[in-house]
Amino acid sequence: MNDVAAEVRNILVFHLGADERRITNDARLSEDLGADSLDVVEIVMSCEERFAIAIPNRVATRLATVGDTVRFIESRLA
């Protein structure tokens with residue numbers, strides 16, 4: 001697991017109280033981890049702050065899985 005993935009997982013544990021073992025790349029934020037729309041907004045804001053990037057709303061609404069989120073952040077940091 002790389003640093004971005006570890007940080008995203010830490011953010012998800014903080015906001016969702018999810019068990020780290022459930023936070024896999026394929027885990028869906030809403031369906032598998034129980035994130036509601038407010039949780040997603042808070043997660044996106046935390047990721048933006050932690051990684052000093054902007055995540056446009058049109059992108060944020062398409063980040064369905066943990067892996068989607070990690071890949072998007074990695075692409076912005078590259």
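Quick rundown of the values:
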{"read-out": "Single residue of T24, T69 found to be assigned to a loop (DSSP other than H, G, I, E, B), among the polar types (S, T, N, Q) and at pLDDT 95 or above", "value": "T24"}
{"read-out": "Matching residues in segment 11-39 - criterion: being within 16 Å of E74 (Cα to Cα) and open to solvent by 50 Å² or more (accessible area, probe 1.4 Å)", "value": "N25"}
{"read-out": "Residue in segment 12-25 that is β-branched (V, I, T) and in contact (Cβ under 8 Å) with a residue 40 or more places away in the chain present", "value": "yes"}
{"read-out": "Residue list for segment 22-66, restricted to those being out of contact with any Leu (no Cβ under 9 Å at 6 or more places or on another chain), among the basic types (K, R) and within 15 Å of V8 (Cβ to Cβ)", "value": "R28, R50"}
{"read-out": "Some residue of segment 40-59 being at pLDDT 95 or above, open to solvent by 80 Å² or more (accessible area, probe 1.4 Å), at negative phi and in a loop (DSSP other than H, G, I, E, B)", "value": "no"}
{"read-out": "From the options R76, R62, residue that is of a type in the set (D, E, K, R), part of a helix (DSSP H, G or I) and open to solvent by 80 Å² or more (accessible area, probe 1.4 Å)", "value": "R76"}
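The values are calculated or read from the model by the stated rules, or taken from the named source; none is laboratory data. In this text, all values refer to a predicted model and were calculated from it rather than measured experimentally. So basically every Cβ, Gly included, is an ideal-geometry build from the backbone, and we count neighbours across all protein chains shown. Remember, those area values only see protein heavy atoms, side chains included, never the ligands or the DNA or RNA. Shrake-Rupley method; radii C 1.70, N 1.55, O 1.52, S 1.80 Å.
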